[in-house]
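Below is one structure, written out as structure tokens, with a few remarks after it.
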Amino acid sequence: MIAREEIAQIVQEFETDLAQAGSAEALEKIRIKYLGRKSRLSRMFAKIPSLPPREKGVLGKELNVTKQKIAAKLEEKSQQNAQAEEGMDLTFPGEKISHGGRHLLSRVLEDICTTFENLGFSVKEGAEIDDEWHNFSALNIPLEHPSRDVFDTFYLNLPAQGKGKLLLRSHTSPSQIHFMEEASPPFAIVSPGRVYRPDQVDATHSFMFHQVEGFAVSEHIRFSDLKGVLLRFAKTYFGPGVELRFRPHFFPFTEPSAEVDISCFSCAARDSDEKCSICKGSRWIEILGCGMIHPHVLSACKIDPQRYRGFAFGMGVERIAMLRYRIPDIRLFYENDVRFLEQFRS
Ligand SMILES: [Zn+2]
């Protein structure tokens, strides 16, 4: 065989062997096979002295180049194997890929809205920036009312647009006004969203929180419809054993008005004389305010109060979530501590 062909054959065999060598041991065997003293290359080196002088130099040079190439490829493969071994410890714990989830408040908000949607309500959201007319005046809240004070409402330092000064809405009731200005009865709507008040932040207060507003207007709506809707909501959301209590109250935008309590589900669940931390021993928990929409509010929205009647209610979403999931501090919702949030991942 011509020497050049033999070298080509050796290199080809070497490449095949190298590609299959997965361990340091296998590489060492290959090194011995191709570069060892008994290798074919060594035997070819040994023949050089017997060759004609003009062939000696050419073959010697070619054999040396081949030897160096093989040594370099062995070294490269050895490094690759070492790296692969480092990255391939199958007993090593996998990298944890964390996936997102919906925030508990988003879920509670959605659950509340779904409960009312199943009772025939539609969901309509409102703007967070509004004007004095929609946040106060149209809701029968007079100019001198303390809630219109700068200490109770965030006014925006912007030129007045629409009706009166611009502000961050302090409740979701402006959605009710916006909707009623445009629509003609009958309708039944829930309107969820954020509201803002300059409250000192503590375990039960925040400068921003969420409310769900609900209202329905038709020619025949009565207070008993309001009671029926709220009872169905409470039983769906807090459990079938829950009872409701209506306490007379005052709100400017409803008449008559009531605050609504549910019977304490925590007391009902256990048989102990120990004072209950949820209801403070009273056996009732306040969950929302409600009433029949005041005729002034209907008139402000160009709905004839002689012909139409309606009810409205509003509840704090954080409060509902805190009650249902036994969360002791409102600030936990906003701190974005994943250890807290992931307990409620759906
Ligand atoms: Zn209780």
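The values are calculated or read from the model by the stated rules, or taken from the named source; none is laboratory data. In this text the structure is predicted, and so the values were computed from the model without any measurement. Every residue, glycine among them, receives a Cβ derived from its backbone with ideal geometry; neighbour counts consider all protein chains shown.
Specify the residue that is farthest from ILE70 (Cα to Cα); the eligible residues are those in the stretch 1-55 that are without any contact (Cβ under 8 Å) to a residue 40 or more places away in the chain and small (Gly, Ala, Ser). Restricting to residues being without any contact (Cβ under 8 Å) to a residue 40 or more places away in the chain and small (Gly, Ala, Ser), the top hit is SER50. From the list ILE189, ILE285, the lone residue that is within 16 Å of the ligand (Cβ to nearest atom) and part of a strand (DSSP E or B) is ILE285. Among the residues of the stretch 217-268, those identified as of a type in the set (D, E, K, R) and within 16 Å of the ligand (Cβ to nearest atom) are GLU243, ARG245, ASP261. For first residues located in the stretch 272-295 and in the same structural domain as LEU244 (by TED's automatic domain parsing) and of a type outside the set (Val, Ile, Thr), partners that are within 8 Å of the ligand (Cβ to nearest atom) and not in a helix (DSSP H, G or I) and lie 6+ apart or on another chain with Cβ distances below 7 Å form the pairs LYS275/GLY281; CYS276/CYS264; CYS279/CYS264; CYS279/ILE285; ARG283/CYS264; TRP284/CYS264.
Per-residue answers, yes or no, for (1) surrounded by 15 or more Cβ atoms within 10 Å (Cβ to Cβ); (2) in a helix (DSSP H, G or I); (3) in the same structural domain as ARG37 (by TED's automatic domain parsing):
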residue	(1), (2), (3)
GLU55	no, yes, yes
VAL58	no, yes, yes
ALA72	no, yes, yes
GLU76	no, yes, yes
GLY94	no, no, no
VAL108	yes, yes, no
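Scanning the stretch 128-162 for residues that are part of a loop (DSSP other than H, G, I, E, B), within 34 Å of the chain's Cα centre (by Cα) and surrounded by 12 or more Cβ atoms within 10 Å (Cβ to Cβ) turns up GLU128, PHE136, ASP152, THR153, PHE154, LEU156. When SER277 is tested against (1) loosely packed, with under 15 Cβ neighbours inside 10 Å; (2) more than 16 Å from the ligand (Cβ to nearest atom); (3) among the small types (Gly, Ala, Ser); (4) within 35 Å of the chain's Cα centre (by Cα), just one condition goes unmet, and that condition is (2). Could you grab me the full set of residues in the stretch 124-138 that are without any contact (Cβ under 8 Å) to a residue 60 or more places away in the chain, within 17 Å of VAL150 (Cβ to Cβ) and not hydrophobic (A, V, I, L, M, F, W, C)? Within the stretch 124-138, ASP130, ASP131, GLU132, ASN135 meet the criteria. With respect to the conditions (1) surrounded by 14 or more Cβ atoms within 10 Å (Cβ to Cβ); (2) within 29 Å of PHE154 (Cα to Cα); (3) touching a Ser or Thr at 6+ places or on another chain (Cβ under 9 Å), PHE250 falls short on a single one, namely (1). Looking at the stretch 310-318, is at least one residue surrounded by 14 or more Cβ atoms within 10 Å (Cβ to Cβ), without any contact (Cβ under 8 Å) to a residue 60 or more places away in the chain and over 23 Å from HIS220 (Cα atoms)? Within the stretch 310-318, not a single residue is surrounded by 14 or more Cβ atoms within 10 Å (Cβ to Cβ), without any contact (Cβ under 8 Å) to a residue 60 or more places away in the chain and over 23 Å from HIS220 (Cα atoms). Looking across ARG245, ARG222, ARG232, ARG169, one residue alone is assigned by TED's automatic domain parsing to the domain that holds LEU139 and under 26 Å from the mean Cα position of the chain (by Cα). It is ARG169.
Within the stretch 314-322, not a single residue is in contact with a Gly (Cβ under 6 Å, 6 or more places away or on another chain), acidic (Asp, Glu) and not in a loop (DSSP other than H, G, I, E, B). Taking the stretch 41-53 as the range and being surrounded by 14 or more Cβ atoms within 10 Å (Cβ to Cβ) and either part of a helix (DSSP H, G or I) or of a type in the set (S, T, N, Q) (or both) as the test, the residues that pass are LEU41, SER42, MET44, PHE45, ILE48.
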